[in-house]
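The values are calculated or read from the model by the stated rules, or taken from the named source; none is laboratory data. Computed from a prediction, not measured in an experiment: that's the story for all the values here. Here the Cβ positions follow ideal geometry from the backbone for every residue, glycine too, while neighbour counts run over all protein chains shown.
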């Protein structure tokens, strides 16, 4: 069994994560000192198996009982990761070409990613609530980044956002598209194909944008 | 309507997607929604978060690689990541999910030492 802390700011430790093999377990006499609160948990084990602490949280409810919306039904909270192939690819492209990446490093970044997303989201959400709004918007996200020490991402993100808006703007007449303030009049030029894979399946096929926007208007 | 992007979630190979996103947006959204009190997320926020996540992965990978033993060994290991989380302020929030691995006996030993220290007070 492997215990992980996840989505640190908001969630408690939940039970084992499927798919991570974890044979080693240290007897519960260790727990006497495991007085840290919800967060800090175990080392990543699997093939290492060196250092694993068992968390004593009988008091914690299982991850499936979270009082969230119904999205949990198919996923356990700590299992919500981005696909490792995608993550690994980004890592690979970031490090020098001949560099290697250990498998547990990839898995671990996968988890860090989920943590990062939650970290940003809860900060953005808080700001949103403070301003009595219900929908998290782009500004909330950018603000959260800045607050949490990722201000180095903000400028590049603004550029991407601008391009994104321009692309949407080319879809005049699409209902339900939220554009934010209007940006630029020129449409995307030919060197620019920024549309997320999730939106468009084929280059130039823009009708799928409708699907995307509709589905996110919940 | 069907979320057609599910089928193309893992696919960033589409030829036009040079400057696009290589992470599945729907999954990002799922993770975001799992935060408490999040009711809805607008499209831009989702896009920004997804993009930021890419930047984050790159940032974390490069920083860990450069700071750690990576430069000599030309590889990135778990402990590079754990060290980076501890040493780099930006990544401090990861320290709890990136504990350094130690041998159980070393841990037990340091426990002993801690108890002795406490006893001195």
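In this structure, residue B:6 does satisfy being at pLDDT below 55, closer than 17 Å to residue A:86 by Cα and more than 7 Å from every other protein chain (Cβ to nearest Cβ). Only one entry in B:56, B:65, B:47, B:93 is in contact with a strand residue (DSSP E or B) (Cβ under 7 Å, 6 or more places away or on another chain) and under 26 Å from residue A:118 (Cα atoms), namely B:65. Within the stretch B:71-97, take every residue that is surrounded by 15 or more Cβ atoms within 10 Å (Cβ to Cβ) and not in a helix (DSSP H, G or I) and give me the one that is farthest from the other protein chains (Cβ to nearest Cβ). Out of the qualifying residues, it is B:88. Among the residues of the stretch A:79-104, those that are within 7 Å of another protein chain (Cβ to nearest Cβ), within 19 Å of residue B:73 (Cβ to Cβ) and touching a residue at least 12 places away in the same chain (Cβ under 8 Å) comprise A:91, A:101, A:104. Taking residue B:22 as the residue in question, decide whether it is facing chain A (nearest Cβ under 7 Å), modelled with pLDDT of 90 or more and part of a loop (DSSP other than H, G, I, E, B). Taking the combined requirement at face value, the residue does not satisfy it. Residue A:118: surrounded by fewer than 24 Cβ atoms within 10 Å (Cβ to Cβ) and closer than 30 Å to residue B:99 by Cβ, yes or no? Answer is no for this residue.
Which one of B:11, B:37 is modelled with pLDDT of 85 or more, over 20 Å from the mean Cα position of the chain (by Cα) and in a loop (DSSP other than H, G, I, E, B)? Selected residue: B:37, the only one of B:11, B:37 that is modelled with pLDDT of 85 or more, over 20 Å from the mean Cα position of the chain (by Cα) and in a loop (DSSP other than H, G, I, E, B). Taking the stated definitions as given, is residue A:169 surrounded by 17 or more Cβ atoms within 10 Å (Cβ to Cβ) and more than 7 Å from chain B (Cβ to nearest Cβ)? Criteria met by residue A:169.
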